[in-house]
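I have placed the structure first, in the form of structure tokens, so that the comments after it can refer back to it.
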Amino acid sequence: MDHELLIAQAAALTEGCPHTVANLANVSALIFQEMDRINWAGFYLMENDVLVLGPFQGKPACIEIPLGKGVCGTAAAEDRPQRVDDVHRFPGHIACDAASRSELVIPLHGSGRVIGVLDIDSPEPARFSEQDEAAFVRLCQALERTIAAGR
């Protein structure tokens, strides 16, 4: 996958658009379309210290994830990316889709705090590389600027 192209496409989709939910919907669709060997891509957004399902592509998912629970809740609570090669070995993993084997979660920030996470799942063990993680951190940083400009 061409990370630079994906980031540029995401920027083009969101540039000048002040609508956060619409931007997250388009970016999740873009990731799901362009990234191979994944079965879910989307966002969870923080509401009252709980991650709530936001725009996504894939099978129906868990609606609420408490901070510190599962891969998404851990990424949000610790404010750091989580790249998990085998979700079945992750303590407290929340299995929304039993087919998922690996996961990449990147915190999303606004107003100096975590406001959500980007979550990408794969049915393939060890699907995500360090390069994937670094690229999606950059993609989320670009989204954060769009979100800040829209508020």
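Read the figures in this text as sums done on the coordinates, not as results from a lab. This is a predicted model, so every value here is computed, not measured. Neighbour counts run over all protein chains shown; Cβ positions are idealised from the backbone, glycine included.
With a cap of 13 neighbouring Cβ atoms within 10 Å, and only residues DSSP puts in a loop, list the GluC sites (Glu not before Pro) found in the range 1-94.
Working: sites: Glu4, Glu15, Glu34, Glu47, Glu64, Glu78; in loops: Glu15.
Those that pass, being in a loop and sparsely packed, are Glu15.
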TODO: Diagonalise the Cα gyration tensor of the range 67-151 and give the resulting equivalent ellipsoid semi-axes, square root of 5 times each eigenvalue, largest first, whole Å.
DONE: 23, 14, 10
Open item on the list: Taking semi-axes √(5λ) of the Cα gyration tensor in Å straight from the coordinates, which label in (1) 30, 24, 13; (2) 25, 17, 16; (3) 22, 18, 13 is the correct one?
Closed with: (3)
Open item on the list: For the chain, give me every cysteine whose Cβ has no other Cys Cβ within less than 4.7 Å, ordered by residue number.
Closed with: Cys17, Cys72, Cys140
Open item on the list: I want to verify a result. In a Gaussian network model of the chain, Cα cutoff 10 Å, which of these has the top mean-square fluctuation: Ala12, Ala41, Ala25?
Closed with: Ala12
Task: Cα centroid separation, the range 1-26 to the range 32-106 (Å) - done: 20
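Can you tell me, using C-alpha contacts under 8 Å and at least 6 residues apart, the relative contact order of the range 23-151 as a whole percent?
Working: 263 pairs, mean separation 29.2, N = 129.
Relative contact order for the range 23-151 comes out at 23 percent.
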